[in-house]
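**Student:** Structure incoming, see below.
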Amino acid sequence: MGMVFGKIPVETPKHEVIHSTNDYEIRKYPPSVVAEVTYDPAQFNSDKDGGFTILANYIGAFGKPQNQKPEAIAMTAPVITKAAAAAEKIAMTAPVVTQGGGGELVSMTFILPSKYVKAEEAPRPVDERVVIREEGEKKYGVVRFSGVARDEVVANKVEKLKGCLERDGFKVAGDFLLARYNPPWTLPPFRTNEVMIPVE
């Protein structure tokens, strides 16, 4: 019942808040290991969240884990999505993040539990579309919001956050991520979402 009202009962990434204003936070995240899949939403009836099932199968959320041990891996939050460059799809394969639309590729990331320090410590995926990789230490400008993370809401949050970061002298260092902390059955007013923009 708690998840319907926004309780987050799973591990979330540790971070340090190094700057805070009424508009946003600057957070520093330590290195982590992530499972990621990059796909064209058209493969999933134009569902930008179509990669979720692939990653959920890898960790064993829907039954037997689809990894070579097989080892069940605890779900974490958020799920992260972002727009992916075409080159990434050829080359490849983290809290859930989504970005993009209109023919763009999407990368969805599960951040693996903190017990995995190196990529080789995580079970190898059976599905070749799942890539396990290490993320280095990162700094992000972050704004939190509730409700449904619709494209127009996210775009508005991104533009406002970019403006605030530039106003305050932070240099944007890449595209935004969308982090969603709750399952889809959580009532919208109780959902936790974040727009995260990498900064130098």
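**Student:** Restricting the search to the stretch 92-124, which residues are modelled with pLDDT of 95 or more, within 25 Å of residue 46 (Cβ to Cβ) and open to solvent by 20 Å² or more (accessible area, probe 1.4 Å)?
**Tutor:** Those that are modelled with pLDDT of 95 or more, within 25 Å of residue 46 (Cβ to Cβ) and open to solvent by 20 Å² or more (accessible area, probe 1.4 Å): none in the stretch 92-124.
**Student:** While we're on this one: When you scan the stretch 141-151, do you find a residue that is modelled with pLDDT under 95, part of a helix (DSSP H, G or I), among the charged types (D, E, K, R) and under 18 Å from residue 83 (Cβ atoms), even just one?
**Tutor:** yes
**Student:** Within the group 187, 177, 165, which residue is closer than 15 Å to residue 140 by Cβ and touching a Gly at 6+ places or on another chain (Cβ under 8 Å)?
**Tutor:** On inspection, the qualifying residue turns out to be 165.
**Student:** Now for a different question. Out of the residues in the stretch 171-191 that are open to solvent by 50 Å² or more (accessible area, probe 1.4 Å) and within 17 Å of residue 25 (Cβ to Cβ), state the one that is nearest to the chain's Cα centre (by Cα).
**Tutor:** 173
**Student:** Mind counting the residues in the stretch 1-26 that are modelled with pLDDT of 90 or more, farther than 19 Å from residue 73 by Cβ and outside any loop (DSSP other than H, G, I, E, B)?
**Tutor:** Result for the stretch 1-26: 7.
The values are calculated or read from the model by the stated rules, or taken from the named source; none is laboratory data. The structure displayed is predicted, hence computed values, not measured ones. All Cβ positions, even for glycine, are placed from backbone atoms using ideal geometry, and neighbour counts span all protein chains on display. Remember, those area values only see protein heavy atoms, side chains included, never the ligands or the DNA or RNA. Shrake-Rupley method; radii C 1.70, N 1.55, O 1.52, S 1.80 Å.
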